[in-house]
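First up is the structure itself, then whatever we jot down about it.
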Amino acid sequence: MEEGETKITWIRCPECGAKIGIIISVGKGPVEEKPTAVREAVPPTPAPAPSIKERLAAAGVDVSLLEITEGEEVTVIRPKRFLGDLWGPINDAVKSLGGVWVREGRESRWEIKKGS
C-alpha cells in the first residue's frame, strides 16, 4: 500500500455472521469519517413453537392436574387424578390442539399426533 491509500478488509463475525468492514490506511493526513462496520441483513431466527403444556396453560387449563409426555410422534396427556367436572373443559382444550381421547380404563389418555 502506498501513502494515503485506504483499503477495506471484510470479515465475518463468528457469532452472528455479520459482515464487518475494517478500514486500513497508510500515511499521514486527515482521516475521513467512514463507516467502520456494515451489517448484512440476517434473517431473524424464528421463535420456537410453544409446547403443548404452554398452549394448554394459555387455554386456561390447570396443567398441574395433567401428566404430559412428549414423544417423537405423539404427545400423551394423562390426568393425574379423577377430573370430574373439569374433564369437559380440558377435553375441549386438548381437542382444539388436535387431540383425541383414548378410552382404556385406568390407562385412558389424550393423544396429540405431532404436526397437529
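The values are calculated or read from the model by the stated rules, or taken from the named source; none is laboratory data. Computed from a predicted structure; not experimentally measured. All Cβ positions, glycine included, derive from the backbone under ideal geometry; neighbour counts span all protein chains shown.
Annotations for the structure displayed:
- Residue check for SER25: surrounded by 12 or more Cβ atoms within 10 Å (Cβ to Cβ), in contact with a strand residue (DSSP E or B) (Cβ under 9 Å, 6 or more places away or on another chain) and at pLDDT 80 or above: no
- Within segment 79-107, residues that are farther than 13 Å from VAL63 by Cβ sit with their Cβ atoms under 6 Å from residues that are β-branched (Val, Ile, Thr) and outside any helix (DSSP H, G or I), at 6+ positions apart or across chains, in these pairs: GLY98/ILE112; GLY99/ILE112.
- Subset of segment 55-78 (residues that are in a loop (DSSP other than H, G, I, E, B) and surrounded by 13 or more Cβ atoms within 10 Å (Cβ to Cβ)): ALA59, VAL61
- Members of segment 69-78 that are modelled with pLDDT of 95 or more and farther than 11 Å from LYS113 by Cα: ILE77, ARG78
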